[in-house]
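Undergrad: Below you'll find the structure I mean.
The values are calculated or read from the model by the stated rules, or taken from the named source; none is laboratory data. Treat the numbers as computed from the prediction; the structure is a model and nothing was measured. Backbone-built Cβ (ideal geometry, glycine too); neighbour counts: all protein chains shown.
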Amino acid sequence: MIGGRRKGGADLPGRNRGTVAIGAVPSTGEGEMQKSKGEVRPIFPAGAVVRYRNEKHEDIPLDGLEFFPNFGSKTESTSQHRNILKEARFQALAGFLEECVKDYLDNVYAYEYEGFEIVHAWVNRAPLGGFQRMHYHGNSVISGVYYLKADPNFSAPLMFEKPEMNTQPYIAIATREQTIFTANQVAYPSETGIAYLFPSQIKHGYEVPTKGGERISLAFNVMLSGIGLFYRL
Ligand SMILES: [Fe+2]
């Protein structure tokens, strides 16, 4: 568990920074909760993160690409104002990611839409010790990341942050363990050949400095296309 098992109040005033790791590190078995006697179901989750594995992953050479430093982060990226998936070297990967987007729209959210388009795609490179501050993607419905090079044992995991809810008064209750109902951050391992798709408005980043060499990912944004009958008033 990244962020550790913690007791007591919040690390920051009014904000519990507990983190749950998904599939990254096996539980120590210490202090594990018993399974509820009832059938537990989340109500109104903030969004769905879906993990897809590319069984046909192949290393893609990145020579000749121009990278620029990212503000407030120790990473560099290709231009975020174009769709790098249109380059011939990414053609097979683009096909895989479009299948993932279609699955997400059709089978996870069941959106009624006319078409979709990957509007932006860019490559991020984090050196040893690299990190990316928490951020979200504007002018996009669904975002995704694909790992061109990452090792789940060393590379910084992708972290998602729970959206703030405006409640008064704010009451923080101490927890014995983090669960999906109490954690404010969730960490997903970064691994070559894995894609994660998620709603663009969810804050994400990788604040734990990456270890074990370079971590290279391809990020993208998706918009729905057509004349717009799918927008709901
Ligand atoms: Fe991002």
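Undergrad: For the stretch 94-135, which residues satisfy the criterion of being of a type outside the set (A, V, I, L, M) and within 13 Å of the ligand (Cβ to nearest atom)?
TA: If the condition is that a residue be of a type outside the set (A, V, I, L, M) and within 13 Å of the ligand (Cβ to nearest atom), then His120, Trp122, Asn124, Phe131, Gln132, Arg133, His135 are the ones that fit.
Undergrad: Filter the stretch 149-163 for residues that are more than 15 Å from the ligand (Cβ to nearest atom) and either within 27 Å of Glu112 (Cα to Cα) or not polar (S, T, N, Q) (or both) and give the result.
TA: The answer is Lys149, Asp151, Pro152, Phe154, Lys162, Pro163.
Undergrad: Of the residues that sit in the stretch 85-114 and are surrounded by fewer than 16 Cβ atoms within 10 Å (Cβ to Cβ) and of a type in the set (A, V, I, L, M, F, W, C), which one is nearest to Leu65 (Cα to Cα)?
TA: Restricting to residues being surrounded by fewer than 16 Cβ atoms within 10 Å (Cβ to Cβ) and of a type in the set (A, V, I, L, M, F, W, C), the top hit is Ala88.
Undergrad: Looking at the stretch 193-203, can you tell me whether even one residue there is in contact (Cβ under 8 Å) with a residue 24 or more places away in the chain, away from the ligand (no atom under 15 Å from the Cβ) and more than 20 Å from Phe68 (Cβ to Cβ)?
TA: Within the stretch 193-203, one or more residues are in contact (Cβ under 8 Å) with a residue 24 or more places away in the chain, away from the ligand (no atom under 15 Å from the Cβ) and more than 20 Å from Phe68 (Cβ to Cβ).
Undergrad: Just give me the residues in the stretch 141-174 being at pLDDT below 95 and of a type in the set (Gly, Ala, Ser), in sequence order.
TA: The answer is Ala172, Ala174.
Undergrad: Scanning the stretch 136-146 for residues that are within 13 Å of the ligand (Cβ to nearest atom) and surrounded by 14 or more Cβ atoms within 10 Å (Cβ to Cβ), which turns out farthest from Glu214 (Cα to Cα)?
TA: Ser140
Undergrad: For the stretch 179-216, name all the residues that are at pLDDT 95 or above, assigned to a loop (DSSP other than H, G, I, E, B) and closer than 10 Å to Phe160 by Cα.
TA: Ile202
Undergrad: Give the stretch 115-135 a look and list any residue that's surrounded by fewer than 19 Cβ atoms within 10 Å (Cβ to Cβ) and among the charged types (D, E, K, R), or say none.
TA: Glu117, Arg133 - these are the residues of the stretch 115-135 that are surrounded by fewer than 19 Cβ atoms within 10 Å (Cβ to Cβ) and among the charged types (D, E, K, R).
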